[in-house]
Structures are given as C-alpha cells and as structure tokens.
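What follows is a single structure, written as structure tokens, with notes after it.
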Amino acid sequence: MITPEFAAFPEAEHRARIARAREELAAAGYDGCIVVAPESLFYLVGYDSISANISPQALVFSVHDARDPTLLVRNVDLPLVKETSWLTDVRTYQLFVDDVSAQVGEIAHDHGIANGCLGLEMQSPAVTGSYARALERAMRGARFDDVSPILNRIQLIKSPAEIHYMREAARYANLGLEAARRTLRPGISEFVLCAAVEKAAREAGSDYPALPTECGSGTRSAGGHATPMPKIIGAGELVHLEFAGVARRYHSVSMITMATGDPGISARRLYDVGRESLLAGLEKCHPGARVADIDIASRKSFDRAGLSEAAQMRFGVGIGIAYPPIWLSSLQIDRFSSGTLEPGMTFYVHSWLSLPQEGLGVMLGGTYLVTETYVEALSGAGPVDLFTL
C-alpha cells in the first residue's frame, strides 16, 4: 500500500468509502459516477486540493466492478495528488491545450460506463454549468443525473478517525473564541478583532476555513452574514462572530455575541430570547431525535416574545469536510425536513435574531457531536449569558 506524506486516512478507510458509494449508487440505478466536488474527492481518495474550484477535475469509476477509480487533474496539480492520495491511476491535462471533457469521456469509456446512467454532483459549486454541458456533449450516449444527495449522505456518519479531526478542529475554534473575548474592546476595528481570532486558530495548527470569519458590530450586527469591515467598534455595541477551526478539512464552528458595555434593554432582551431558543432546541437534540421537532421547539420562545419575524434562520445544519465557498453539509435541522440525528453525526446550531429597524442582531450557537447516548458540545459559546466588558 502507498502511504502519501500528508495522507489524512489509511487507504483501507478510503476503499471502504468507495465500496459504500458504489453500493449506494448501484442501488439508485447508476452505472458509474463522475466525482468533481472537492469534498467528495477528499472523502473517497484523500486528494486534498482547492483546484476543483479553479480547474476542471474528475474522479471516474464504475459501480459494476471493483477497479480503482481514475482521477483526471490539471498537470500542475499532480504533485498535490501524490502527497495526499494513494490512488495510482491518475491522468493529467494541459490547461487550454487539452479537451478536458473529451478526456473524461475517454476515461468513462475505459471503465465501460460512457453510455450508461452517470452520476454528477450538480449541486456542487465545482460543477459549473459549462463543465456539465461539456461532459454531456462529450458523452452523448450517457444520461446524467444529480448524485449530490447520495454522496453527501454517505458522509454524514463520521468514523472514529473523522471524529478525532472534528475534536481537533473544535479545539482551534475554541481558541479563537478565547481570543475574541480577550481582544474585544471599544476603539479597535472589526478587522483587528477578526485577525486575533484567526491568528489564535492558525498558530495552533488550524487549516484554512471554507468561509471567511463573520463579524458584525453596532448597527452592522443586524446583518447575518456580515464579513468584517474597517468599522471601529464603539462602546455599548453588540458584536457577533462566526468562524471555524479546521483540521484536515474537517470544520467545527464557533459563534458568539458579545457587548462592549451595556448594549441597552432591547439588545439584552433580544439576546435573552435567542439564548432561550438555543436552549430549547438543544434540549431536543439526542440520538434518534427528529430534526423537525428540534427546530419547532427552538421557535417557541420567538413566538412567545412576538419575535417570529426576527428569527430568520433554520436551527442547524450538518458540518464536516468543507472547501470554499461553503461549509454546509446535506443535513438540515429545520421544521421542513424529515431526517433524524444519528450517532456519528456532527452539526452546528444557531439562534439568530435580527431587528434591522433597530440596528440589532444576535447570534448564538456552536458545533455538536451525536454520540450513542447524548449530544456533546464541541465548540462555540453556546447558550451562555451575554459576554459584556
């Protein structure tokens, strides 16, 4: 067996994942799959690279035999494959010279699936519309369908090795949380605050996150996906942060809302309602819990406080392997979904309330692991009292 220098998992674990992917795809009626999403490339064969979002790539395999997949990458990325993946059937192309989709078609023909029903991750940002159309033109005898739900689903239950990385990522995220509390003070910019958070995580060993640090202070706190701006944080302001620690592409998210002095009655009330919501939702989180029940429970405090319109969020979402530009998985914890929590799942939850007319917003939450008997907190401030200087 080949053991690459920076392999995150042993080859045997990847082979077991490929076998399960073949089983699930075959049961759904597919003849083969063309994997493009970087999360799936990493999960199935260990290839760790951002290039899937820069240059076309493809991992091609049949469900009808146990032959190793074939990976096609840009020639400049071949060294990255060799340092992270055990895969030996790796082919390359020259950008702007070679016809990538035609090469994928040739590989599919080699695997005997060029005229079959093929899976493609159509929900991945790495599968652009132009790339999907080019693949369809190159394999006119094939029928393409979206296998994003299948390949995402098999990643929901984490192995012991994956859980180890989730715990490591959580440690980085919690170091960032500590740095935020130490650094916050009136007179510094949002940039400075976020720099301290990111420095603490990266110096401890965190990999780069799939999303930038979220930060909103003062009236900007009403924005739920704010990134830091050259704004000076004032006294008596709310400041919320959302960021991730990352270990070998496994993400663990921390969230916190803080205040630089007394933020006022409305802000404190908003925070208290958010805290009550988070507690109510977490009380419903246990192995076997229906995700719809969790979200419904979390929203009762909003209804009682007359703040239902301010609650512009789902309670939670799955998390694990992630690459830019997103860190969400297919697990949705909301009242419209039918899933359940199972041991080995990791997810993050949040209570988000926004009053744009008052320039106020609060965000509370963190990342959790479903064990055999309970749900364990990994990172994030969680349902604590408002941190106030």
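For segment 205-262, what relative contact order do you get, as a whole percent, if you take Cα pairs closer than 8 Å and at least 6 residues apart?
Values: 107 pairs, mean separation 20.7, N = 58.
Once normalised by length, the contact order is 36 percent.
Counting only other residues whose beta carbon sits under 9 Å from that of A280, what net charge do I get with K and R as +1, D and E as -1?
Working: positive: K284, R299, K300; negative: E276, E283.
Value of the local net charge: +1.
Considering Cα pairs under 8 angstrom that are at least six residues apart, work out the relative contact order of the chain and quote it in whole percent. The partial results should precede the final answer.
Working: 909 pairs, mean separation 55.4, N = 389.
It comes to 14 percent, rounded to a whole number.
Restricting to DSSP H runs of at least four residues, report the calculated mean residue ellipticity at 222 nm for the chain, -39500 (n - 2.57) per run over all residues, nearest 500 deg cm²/dmol. Working shown, then result.
Details: 10 runs with 132 residues, N = 389.
Only helices count here, giving -11000 deg cm²/dmol.
With +1 on the Cβ of every Lys and Arg and -1 on the Cβ of every Asp and Glu, and nothing else charged, how large is the dipole of the chain about its Cα centre, in debye rounded to the nearest 20?
Working: 35 positive and 45 negative charges, 131 e Å.
So the dipole magnitude of the chain works out to roughly 620 debye.
Mind checking which lysines have their Cα closer than 18 Å to the Cα of K300? Skip sequence neighbours fewer than 8 apart in that chain.
By straight Cα distance, K300 reaches K284.
Over the chain, with the other protein chains present, what is the accessible area per residue in square angstrom, probe 1.4 angstrom? Before the final figure, lay out the partial values.
Values: 15770 Å² over 389 residues.
With the other protein chains kept in place, the chain gives 41 Å² per residue.
Over the chain, with every protein chain in place, what whole percent of the accessible area is carbon and sulfur at 1.4 Å, could you tell me? Present the calculation step by step, with values, prior to reporting the outcome.
On the way: 8390 of 15770 Å².
It is 53 percent, rounded to a whole number.
Would you work out the relative contact order for segment 1-129, in percent, from Cα pairs under 8 angstrom that are 6 or more residues apart?
Numbers: 211 pairs, mean separation 40.1, N = 129.
Result for segment 1-129 is 31 percent.
What list of ³J(HN,Hα) values in whole Hz, one per residue of segment 37-45 in order, does the Karplus curve 6.51 cos²θ - 1.76 cosθ + 1.60 (θ = phi - 60°) give from phi, with Gly and Pro shown as x?
4, x, 4, 6, 4, 5, 5, 7, 10
Which of L328, P343, T183 sits farthest toward the positive end of the charge dipole of the chain, with +1 on the Cβ of Lys and Arg and -1 on the Cβ of Asp and Glu?
T183
Separation of segment 76-126 and segment 163-189 by C-alpha centroid, Å?
The two parts, judged by their Cα centres, are 38 Å apart.
Which aspartates and glutamates have a Cα less than 18 Å from the Cα of K82, not counting those fewer than 8 places away in the same chain?
Within the straight-line limit of under 18 Å, K82 reaches these aspartates and glutamates: E5, E11, E13, E39, D48, D68.
Tabulate in residue order the Karplus-calculated ³J(HN,Hα) for segment 243-256, using 6.51 cos²θ - 1.76 cosθ + 1.60 with θ = phi - 60°, rounded to whole Hz; enter x for Gly and Pro.
Per residue, the Karplus-derived 3J(HN,Hα) values read 7, 10, x, 9, 10, 6, 6, 8, 9, 10, 9, 10, 9, 7 Hz.
Assign unit charges at the C-beta atoms only (+1 for Lys and Arg, -1 for Asp and Glu), then state the dipole size of segment 142-264 relative to its Cα centre in Debye, rounded to the nearest 20.
On the way: 14 positive and 13 negative charges, 44 e Å.
In total the dipole reaches around 220 debye.
Distances longer than 23 Å among the Cα atoms of segment 43-153: what percent of all pairs is that? Before the final figure, lay out the partial values.
Numbers: 1401 of 6105 pairs.
Summing the P(r) tail past 23 Å for segment 43-153 gives 23 percent.
Would you please give the residues with an amide H less than 5 Å from that of R91, counting only those at least 5 places away or on a separate chain, with H modeled from the backbone geometry?
HN-HN under 5 Å from R91: L71, L72, V73.
If you take the charge dipole of the chain about its Cα centre, with +1 on Lys and Arg Cβ and -1 on Asp and Glu Cβ, which of P125, T227, Y250 is farthest toward its positive end?
In the chain, that residue is T227.
Projected onto the charge dipole of segment 271-389 (+1 at Lys/Arg Cβ, -1 at Asp/Glu Cβ, origin at the Cα centre), which of A381, A280, L307 gives the Cα projection farthest towards the positive end?
Towards the positive end, the residue furthest out is L307.
Give, as a single signed number, the net charge of other residues whose beta carbon lies under 12 Å from the beta carbon of V291, with Lys and Arg counted +1 and Asp and Glu -1.
Details: positive: K284, R290, R314, R335; negative: D293, D295, D334, E342.
Residues near V291 contribute 0 overall.
The values are calculated or read from the model by the stated rules, or taken from the named source; none is laboratory data. The model shown is predicted, which means the values in this text are computed figures rather than measured ones. In this analysis, Cβ positions are derived from the backbone assuming ideal geometry, glycine residues included, and neighbour counts consider all displayed protein chains. Heads up: the accessible areas ignore ligands, DNA and RNA and are worked out on the full protein's heavy atoms, side chains in. Shrake-Rupley method; radii C 1.70, N 1.55, O 1.52, S 1.80 Å.
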